[in-house]
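To keep things clear, I will list the structure first and then write my remarks on it.
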Amino acid sequence: MTPFLKVDHVSKSFARGNATTEVLRDIDLTIARGEYVSIIGHSGCGKSTLLNLVAGLTPITTGAILLENQEVREPGPDRAVVFQNHSLLPWLSVYANVKLAVDKVFGNSKSRAERHDWTMHNLDLVQMTHAKDKLPAEISGGMKQRVGIARALAMEPKVLLLDEPFGALDALTRAHLQDSVMQIHARLGNTVIMITHDVDEAVLLSDRIVMMTNGPSATIGEILDVALPRPRKRLELSSDPTYLRARESVLKFLYERHRAPSLQAA
Amino acid sequence: MKSPDILIKESEPMTAQSAHNIILDSPGASVPLAAAARSNEAQVIAFAPPRAPFAERMWAVAQSWFAVIVPPIIVLCALLLVWELASGGPKASLPPPSKIWADAKDLIVDPFFVNGPQDIGLGLRVMTSLERVIMGFGLAAIAGILLGALVGQSVWAMRGLDPIFQVLRTVPPLAWLPISLAAFRDANPSAIFVIFITAIWPIIINTAVGIRNIPQDYRNVAAVLRLNHLEFFWRIMIPSAAPYIFTGLRIGIGLSWLAIVAAEMLTGGVGIGFFIWDAWNSSRLSDIVVALVYIGIVGFVLDRMVAGIGHLATRGTQAT
């Protein structure tokens, strides 16, 4: 069987003037359909760059990314991104933000009424139908991120890319939204790649955790399988030995073997 | 000294009436409170608070209006008084306000009279000038936004066009007039062209800055959605750059109004600019003063109109 998403020996360098910086070196990763993969690492290790490469927002220097055997060359709705700062268009209502994506992706294949229903269906998935006519400025940060997720889901992407989606939220809102994402993942079976710097979040949500070494020339240090059955319950897991072991090994990777460069110097 | 009297009389009934309303309102406000107290559902007191502050609010509004209207009127009266005293002597070269009122009463009182092809009210002359400004400014707005979008979006367009724009925008409006007269061979299109070329630079430059400042996030969203150029222009560029565009439009309309008077002085016709030139040639200084007041007021209104439209159009476009 051919892999669903294959990151094949990808390297990425940025050139500025005469100086070239290699951010990622020789990234090799295969992701199966329906898998939830987290990428974790210290800031500056190029995990966001990796996500942008998969999204097609940044061109690859060497290697290739294949999605269902098609090479990724440019951005597209089959790899929908939920951006860290929600990136809703502030002049469009919540409904219009999602509708813009629906109209663009399904403009030819669905009727007007079907597109409306599909927009409402996705707002309903993230429980945001009550605020559909509000502008992004009028809703809270957690709600904005929900709408961002609804917009991405509405594109029916093959891969959902989450770029530190809960990073800017307070702990309670974050936990609530993590539960929502878990429910949606269980229901729709999306393939998800999530960037995070939160160890608990990575262990709770992921099937596999990809741990990145420090940059420059960052690469995959280790991949951890999280063998926890789904559905996962936050409270029950807090004392589950498998959960604790997974958490420990990620922490050990991050803080023993690959400490942040600033900490090593200290 | 008569015109300030009229101004005060016009503003007085307004404040008096609103004060009257407040007095009428306050007894009414206590009625639902009393009714609620009598019935069993006494908790409906929530009814009363919004009404009592309403009267206070009206009073506050009246006060703030009062504070806005009264100081300029006092200053205006003082200025007119100083002017009257300064130019009241027999050797004064400019007419005092009382003489202006006597000379140009018809122009002040009725802006829209028509006594013949060259003897028409200043309101009608202003309309003619405004027509040219609307034409020239409208074309400048369309062309300016499109060119600004090009310069803001494309590095090569900016490198090629920006130096040329920076040089051309320093050319004074009237310097364009002879060459446009030569090109169009007619006064009216030449005046319109002068307005166009005067107003377009701030629109181009501000639009370009606005488009260069579109956050990368919005560009990423557009890229993921694969918006085409036209969709990107309408759905992302214009709304995102709207605050900048309206700043440019506001500067542009101000410059247009500055340029039209000068242009009409030279091209003739029935505009307000030519009226001033004509009045100067026939030594009607009082008419000139009245025309200046007209120009000032219309310019002020134009500026506020564009600002108001901009305010409405850019609601909610500020990123959070």
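Quick look at the numbers
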item	result
Failed condition for B:Gly308, given (1) without any contact (Cβ under 8 Å) to a residue 24 or more places away in the chain; (2) away from chain A (no Cβ under 14 Å); (3) more than 19 Å from the chain's Cα centre (by Cα)	(3)
Residues that are within 13 Å of the chain's Cα centre (by Cα), of a type in the set (S, T, N, Q) and more than 17 Å from B:Val224 (Cβ to Cβ), drawn from region A:136-190	A:Gln178
Filter result (surrounded by fewer than 20 Cβ atoms within 10 Å (Cβ to Cβ) and under 19 Å from the mean Cα position of the chain (by Cα)) within region A:58-72	A:Thr58, A:Pro59, A:Leu66, A:Glu68
Flag if A:Ala96 is farther than 27 Å from A:Arg259 by Cα and within 14 Å of chain B (Cβ to nearest Cβ)	yes
Residue ranges of helices (runs of 4 or more DSSP H) in region A:177-266 with at least 1 members of a type in the set (Phe, Trp, Tyr)	A:241-252
From the options A:Ala265, A:Ala218, A:Ala246, residue that is modelled with pLDDT under 90 and buried (at least 20 other Cβ atoms within 10 Å of the Cβ)	A:Ala218
Failed item in (1) of a type in the set (S, T, N, Q); (2) within 18 Å of A:Asn190 (Cβ to Cβ); (3) open to solvent by 70 Å² or more (accessible area, probe 1.4 Å), with A:Asn18 passing the rest	(2)
Residue under evaluation B:Ile214, criteria (1) more than 17 Å from the chain's Cα centre (by Cα); (2) assigned to a helix (DSSP H, G or I); (3) crowded, with 18+ Cβ neighbours inside 10 Å; (4) β-branched (Val, Ile, Thr), criterion not met	(2)
Number of the exception - A:Lys12 against (1) under 24 Å from A:Arg259 (Cβ atoms); (2) exposed (fewer than 13 other Cβ atoms within 10 Å of the Cβ); (3) not aliphatic (A, V, I, L, M)	(2)
First in region A:75-99 and farther than 21 Å from A:Val192 by Cβ, second anywhere and modelled with pLDDT under 90 and in a loop (DSSP other than H, G, I, E, B), Cβ under 8 Å, 6 or more apart	A:Pro90/B:Gly316; A:Pro90/B:Thr317; A:Pro90/B:Gln318; A:Pro90/B:Ala319; A:Pro90/B:Thr320; A:Trp91/B:Gly316; A:Trp91/B:Thr317
Residue tally, condition β-branched (Val, Ile, Thr) and touching a residue at least 12 places away in the same chain (Cβ under 8 Å), over region B:103-153	7
B:Glu231 more than 14 Å from chain A (Cβ to nearest Cβ) and either under 19 Å from A:Val98 (Cβ atoms) or part of a helix (DSSP H, G or I) (or both)	no
Any hit, region A:100-118, residues being open to solvent by 50 Å² or more (accessible area, probe 1.4 Å), under 23 Å from B:Arg235 (Cβ atoms) and at the interface with chain B (Cβ under 9 Å from one of its Cβ atoms)	yes
Pairs with Cβ under 7 Å, 6+ apart, first in region B:272-291 and closer than 19 Å to B:Arg132 by Cα, second open to solvent by less than 50 Å² (accessible area, probe 1.4 Å) and of a type in the set (Phe, Trp, Tyr)	B:Ile272/B:Tyr294; B:Ala291/B:Phe275
Candidates B:Val133, B:Val151, B:Val126 - the one that is touching an Asp or Glu at 6+ places or on another chain (Cβ under 8 Å) and surrounded by 14 or more Cβ atoms within 10 Å (Cβ to Cβ)	B:Val151
Checklist (1) away from chain B (no Cβ under 13 Å); (2) open to solvent by 50 Å² or more (accessible area, probe 1.4 Å); (3) outside any helix (DSSP H, G or I) applied to A:Ala168, failing item	(1)
Condition broken by B:Met237, with the remaining ones in (1) in a loop (DSSP other than H, G, I, E, B); (2) within 14 Å of chain A (Cβ to nearest Cβ) satisfied	(1)
From B:Ile142, B:Ile73, residue being open to solvent by less than 70 Å² (accessible area, probe 1.4 Å), at negative phi, of a type in the set (A, V, I, L, M, F, W, C) and modelled with pLDDT of 90 or more	B:Ile73
Candidates B:Val171, B:Val194, B:Val224 - the one that is more than 20 Å from B:Leu147 (Cβ to Cβ) and open to solvent by less than 60 Å² (accessible area, probe 1.4 Å)	B:Val224
Extreme residue, farthest from the other protein chains (Cβ to nearest Cβ), among residues of region B:240-258 that are over 30 Å from B:Ile179 (Cβ atoms) and surrounded by fewer than 20 Cβ atoms within 10 Å (Cβ to Cβ)	B:Pro243
Test: B:Ala222 is within 14 Å of another protein chain (Cβ to nearest Cβ) and touching a helix residue (DSSP H, G or I) at 6+ places or on another chain (Cβ under 6 Å)	yes
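Residue by residue, here is whether (1) surrounded by fewer than 21 Cβ atoms within 10 Å (Cβ to Cβ); (2) assigned to a helix (DSSP H, G or I); (3) touching a Phe, Trp or Tyr at 6+ places or on another chain (Cβ under 8 Å) holds:
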site	(1), (2), (3)
B:Ile260	no, yes, no
B:Val270	yes, no, no
B:Trp280	yes, yes, no
B:Ser283	yes, no, no
B:Ala291	no, yes, yes
B:Ile297	yes, yes, no
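The values are calculated or read from the model by the stated rules, or taken from the named source; none is laboratory data. Every value quoted in this text rests on a predicted model; they were computed, and no experiment measured them. Neighbour counts run over all protein chains shown; Cβ positions are idealised from the backbone, glycine included. SASA here: full protein model, heavy atoms, side chains in, ligands and nucleic acids out. Shrake-Rupley method; radii C 1.70, N 1.55, O 1.52, S 1.80 Å.
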